[in-house]
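The values are calculated or read from the model by the stated rules, or taken from the named source; none is laboratory data. Everything numeric here is computed off the predicted structure, so don't read it as measured data. Quick reminder, even Gly has a Cβ in these numbers, built from the backbone with ideal geometry, and neighbours come from all protein chains shown.
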Amino acid sequence: MSKPLVLMAALVGAGLSIVPVARAHCDAVGGPVATAALRALDTHNVNAVLPYVPASAEPELTTAFIQAMAVRTGGPDAKALADRSFMETAVRLHRAGEGAPHTGLKPAGTDFGPAIPAAEQALATGKAEPLLEFLSREIEHGVRERFAHAAGDKLKEPTSAADVPAAREHIREELGFIGYVEAIYLAIRDSRHAGAPAAADRCGH
């Protein structure tokens, strides 16, 4: 594996770049939690969705499941309402387990960017290489872009007040570039010394 791919593997292992968006992905109708909730209802098997919530939330979700199953028998409209309510409950409890707020289900088809579909495709196919190549290109682009801005013109020490704004902007770009590189390094270092986040804390992973 090339050095960029090793770097990307470490970043994916650390769960650094895509976790915030992936967690938002959990709020979507087509996300993994809502999908598991519907699968649980369709198969009459609450266990299909229980892994997405902490153990302490199992009683509440199981009660909601029993109620939804009963309401579902009342016709198409009742079924739609029961399904929506159960999905909401499952996602809310999942988000609470992450210590994150839940502001309601996002509609199906919400665009969460290319990373989550790429990660899901990797899981579906059992092949990580296309995902690693994609992430490698993204981080290379990020480093090159920030480097070009930070190293474009050598910083000249301001000799007058008029020179200060330009110098300040240049320093901001230099420090931003250094911080970006440091964040990558810390992700690699931390992934070596700590296990990957628990599956229940990484929606869509």
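Just a few scattered comments:
- Residue tally, condition farther than 30 Å from Gly31 by Cα and in a loop (DSSP other than H, G, I, E, B), over segment 120-176: 9
- Meeting the requirement of 2 or more residues that are at pLDDT 75 or above, buried (at least 17 other Cβ atoms within 10 Å of the Cβ) and touching a Gly at 6+ places or on another chain (Cβ under 6 Å), no helices (runs of 4 or more DSSP H) wholly within segment 1-73 can be named.
- The set of residues in segment 150-165 that are over 41 Å from the mean Cα position of the chain (by Cα) and modelled with pLDDT of 85 or more comprises Pro158, Thr159, Ser160, Ala161, Ala162, Asp163.
- Neighbours by Cβ (under 9 Å, 6+ apart or cross-chain): first from segment 29-41, over 15 Å from Thr62 (Cα atoms); second of a type in the set (Lys, Arg): Val29/Arg84; Val29/Lys106; Gly30/Lys106; Gly31/Lys106
- Checking each residue in segment 77-135 for being out of contact with any Cys (no Cβ under 7 Å at 6 or more places or on another chain), of a type in the set (D, E, K, R) and closer than 24 Å to Ala40 by Cα picks out Asp77, Lys79, Asp83, Arg84, Glu88, Arg92, Glu98, Lys106, Glu120.
- Residues of segment 134-170 that turn out to be among the acidic types (Asp, Glu), touching an Asp or Glu at 6+ places or on another chain (Cβ under 9 Å) and exposed (fewer than 12 other Cβ atoms within 10 Å of the Cβ), as a count: 1
- The residues listed here are Gly142, Gly97, Gly113; of these, the one that is in contact with a helix residue (DSSP H, G or I) (Cβ under 7 Å, 6 or more places away or on another chain) and on the phi > 0 side of the Ramachandran plot is Gly113.
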